[in-house]
1. Take the alpha carbon atoms of the range 284-353, find their center, do the same for the range 109-183, and report the distance between the two centers in whole angstrom.
2. When the C-alpha atoms of the range 157-412 are aligned to their principal axes, what extent does each axis show, in angstrom, from largest down?
3. For the pair Ala378 and Val356, how long in nm is the line joining their label points, each one 7 Å along Cα→Cβ?
4. Which residue, Pro167, Ser324, Leu120, has the largest displacement toward the positive end of the dipole of the chain when charges sit on each Cβ (Lys, Arg +1; Asp, Glu -1)?
5. With Cβ to Cβ distances under 11 Å as the rule, what net charge do the other residues near Ala26 carry (K, R +1; D, E -1)?
6. DSSP beta bridges in the chain, what fraction antiparallel, as a percent rounded to 5?
7. Could you please rank Asp291, Asp349, placing first whichever residue has the fewest other Cβ atoms within 10 Å of its Cβ?
8. Which three extents, in whole angstrom, do the alpha-carbon atoms of the range 190-337 cover along their principal axes, largest first?
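Just so it is clear, none of the values below were taken in a lab; they were calculated from the coordinates. Model, not experiment: these values are computed from the prediction. For neighbour counting, all protein chains shown are included, and Cβ atoms are generated from backbone atoms with ideal geometry for every residue, glycine included.
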Amino acid sequence: MSFFEALGPNYFVRPEEDPQTALNKAASILGKSPIDVLKHGWGGPIHQLMHHPAVRDIIIQHDSPIWIRDSSGKKTTTPTYLSSEWVNFLAYHWRYANLMEMDGREVPMVNPLANFRHTLFFPEAGGGIRFQYVGQGFSALGSSIYIRRLPSRPFELSQLVKNGTLPQGAADCLVSLIKAKAPIIVSGQTGSGKTTLLGALVSELQKSITPLNLLVVEKSHELPLLNSAYRWEEDAEGLVGLEHLAANATQMGLEWLVLGESTGPEAYYVLKAFAQGVPVMTTLHATSATDGISGLAMLALEHVRDSAMLPSFLRTLATQAVISVHLEQTETSSGVLMGQVTGIVEMIDVSGTKPVINPIWHRKRDKSTGLENLSYNAGCTTQFSNTTKFRLHVSGQEFPPRSVRVNGNLARS
């Protein structure tokens, strides 16, 4: 019997129970200390949801129905309501359970003015959770918490091809570019699958280059890896942030740097790594592949605080022929939300303060069906920048490979 099987399939702490009393009851049932129960991912009234393999996201707002999104993207609500007291309790102890000894002590609550993101891995759950906590001091509606279940292993590109995220030819293209050490930006909106695609690309990287001096820098431990690698993360209090970690990363003599997400001035050090010849993969929020390139340069300005540097930053991206991949969240007729790659572009020049891009894969309307599909731009083989051509040549890569074209997409001959 596993650790949590002892709870029973129908075990639920009642939401109206006091959190500390409920924790002590669960510990008593299991014959464990409260600290051990928390370390292994006890979730109080949402315990089953957190550990159910079909649940992907959980959104909790004080005294409101809990929102659930399953692994297929469908959303629904549950009749369970949690108070801010419960949200505060779970957020605090998921974050600090490994730093505390709670037995026989009164458990302090989290500061309601706190706002943080953290990641925990629970082996019994087959993965872990990332959660974003916002205390009631930020909202008249009370505390809230957003929970994302994390896989224990990364998705394979072949899985993403199978579920419709991108066609096989586009996956082949990205693999060739990774082997050629082309820097890659993955952009999209929240929930579009940026981290999932990044994890699949890093897996391809780890398959193709061994041994690999790879460093992964993240706000919190989130990106599942195929093989072990150096990992740096922000400290629990956020005193050492991404900017500081990224700055030190550029001095490491790396073969590859993976920055989980670019959200601010740390983007400056992504550009610095590019200029030093270190290939980087990162994600950021943007509305198109082109905006992903512009967005990275704009974020870098937060470090220098000088808008006159924007053209220079864009030239750095053009010189390194950065590849930008964009995803969008789409909803199927059955209500399933899924991420789809809508563009893969290469930056080849700068026009004033705007990037000049070469669309390698782009959305194209199929006249016979009226639908837009991701299609290969055959003309890009002559438009590839000399930098990318040189990278492909040196690494022994060829794109497109010997192939035939079916409806504008690549298929192996």
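1. Result: 20 Å between the Cα centres.
2. Taking max minus min along each principal axis of the Cα atoms, the range 157-412 gives 55, 39, 36 Å.
3. 2.5 nm
4. Working it through, the farthest residue towards the positive pole turns out to be Pro167.
5. On the way: positive: Lys25, Lys32; negative: Glu17, Asp36.
That sum, taken over residues with Cβ under 11 Å, equals 0.
6. Numbers: 56 of 76 bridges.
Beta bridges within the chain, antiparallel portion: roughly 75 percent.
7. Asp349, Asp291
8. 47, 36, 35
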